[in-house]
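Take a look at the structure set out below.
The values are calculated or read from the model by the stated rules, or taken from the named source; none is laboratory data. Everything numeric here is computed off the predicted structure, so don't read it as measured data. Here the Cβ positions follow ideal geometry from the backbone for every residue, glycine too, while neighbour counts run over all protein chains shown. Keep in mind that these areas ignore ligands, DNA and RNA; they rest on the heavy atoms of the full protein, side chains included. Shrake-Rupley method; radii C 1.70, N 1.55, O 1.52, S 1.80 Å.
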Amino acid sequence: MTPSSFAIGKRRRSAIVAGATGLVGQALVEALLGNGAVGSVHVLVRSERPVWRKRNGLTQHVVDYQAGLPPLPAVDDAYCCLGTTIKVAGSQEAFRAVDFDAALAFARSAQAAGATRFGLVSALGADSKSSVFYNLVKGDAEQAIAALGFESMVIARPSLLLGDRAALGQPTRRGERIAAAVTGPLGWLMPRSVRPIEAATVARALMRSVQRGEPGLFALSSGTLQVLGA
């Protein structure tokens, strides 16, 4: 959806992003700042990012999820891009604290701040009945947030993400390195549903889908994200 598709004079919406410093999160912030339908963007960070201090329309909020979130500013749309790995987190419990506990806490706080639309970055294979711990936690988070009853909720379930984590000061992930290496010469042989996907593509697809504001719950496969975020 392009800015021109919005009626002239329509109020610009406000958005808030959790996990704004991650691969998808940073791409999403840039997409929101460049979108004519968005008037202000709030980002939740653990420490202020100098590169964002002078960005028009952007406000940083330093938070500590373990200590509990403070009241959030009034917003229309909320996006959760929080996520880690068990390796980075250090344990299954620490992983769940980010991908489930923090994500749910953010969703509750965003809803209390007036958000009626919610976008969640989940993962391919997310399933609350999965025997794979990672997929299980992702599925649990989807269910718990959906139960809050947002007017419109969009879940993005991307395959392996492509992007420059090193440029963000993040450790690279072995699976993503392998995916990036094979995507060029062999990517066309892979089904779109499992083909590695650029983080920026996921961000654009999620933003566009949330902005449509269609009532209900929508889960976007990696293949659908490829199309919507093109």
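In this entry, Glu93 passes the filter for residues that are at pLDDT 95 or above and farther than 17 Å from Val154 by Cα. The condition of being closer than 23 Å to Leu220 by Cβ and touching a His at 6+ places or on another chain (Cβ under 8 Å) holds for only one of Val137, Val154, Val75, Val121, that being Val75.
Table: residues versus (1) under 19 Å from the mean Cα position of the chain (by Cα); (2) in a loop (DSSP other than H, G, I, E, B); (3) without any contact (Cβ under 8 Å) to a residue 24 or more places away in the chain.
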{"position": "Arg55", "(1), (2), (3)": "no, yes, yes"}
{"position": "Pro71", "(1), (2), (3)": "no, yes, no"}
{"position": "Lys87", "(1), (2), (3)": "no, no, yes"}
{"position": "Phe95", "(1), (2), (3)": "yes, no, no"}
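If you filter segment 29-44 down to residues that are part of a helix (DSSP H, G or I) and open to solvent by 10 Å² or more (accessible area, probe 1.4 Å), you find that the one that is nearest to Gly57 (Cα to Cα) is Leu33. Figure legend. Inter-residue proximity from segment 27-49: first residues among the basic types (Lys, Arg), second residues part of a helix (DSSP H, G or I), beta-carbon distance below 8 Å, spacing 6+ or different chains. No pairs are indicated.
Within segment 144-167, the set of residues being of a type in the set (Gly, Ala, Ser), modelled with pLDDT of 95 or more and open to solvent by less than 20 Å² (accessible area, probe 1.4 Å) comprises Ser152, Ala156. Filtered by the rule that a residue be modelled with pLDDT of 90 or more, touching a Gly at 6+ places or on another chain (Cβ under 8 Å) and open to solvent by 20 Å² or more (accessible area, probe 1.4 Å), segment 5-22 gives Arg12, Arg13.
The residue that is farthest from the chain's Cα centre (by Cα), among those in segment 40-53 that are modelled with pLDDT of 95 or more and over 14 Å from Gly22 (Cβ atoms), is Ser40. For the condition under 26 Å from Val137 (Cα atoms), part of a helix (DSSP H, G or I) and open to solvent by 40 Å² or more (accessible area, probe 1.4 Å), Asp64 does not qualify. Among the residues of segment 125-134 satisfying the criterion of being farther than 15 Å from Ser222 by Cβ and in contact (Cβ under 8 Å) with a residue 24 or more places away in the chain, which is surrounded by the most Cβ atoms within 10 Å (Cβ to Cβ)? By that ranking, first place goes to Tyr134. Restricting Ser122, Ser91 to residues that are small (Gly, Ala, Ser) and either over 19 Å from Thr21 (Cα atoms) or exposed (fewer than 15 other Cβ atoms within 10 Å of the Cβ) (or both) narrows the list to Ser91.
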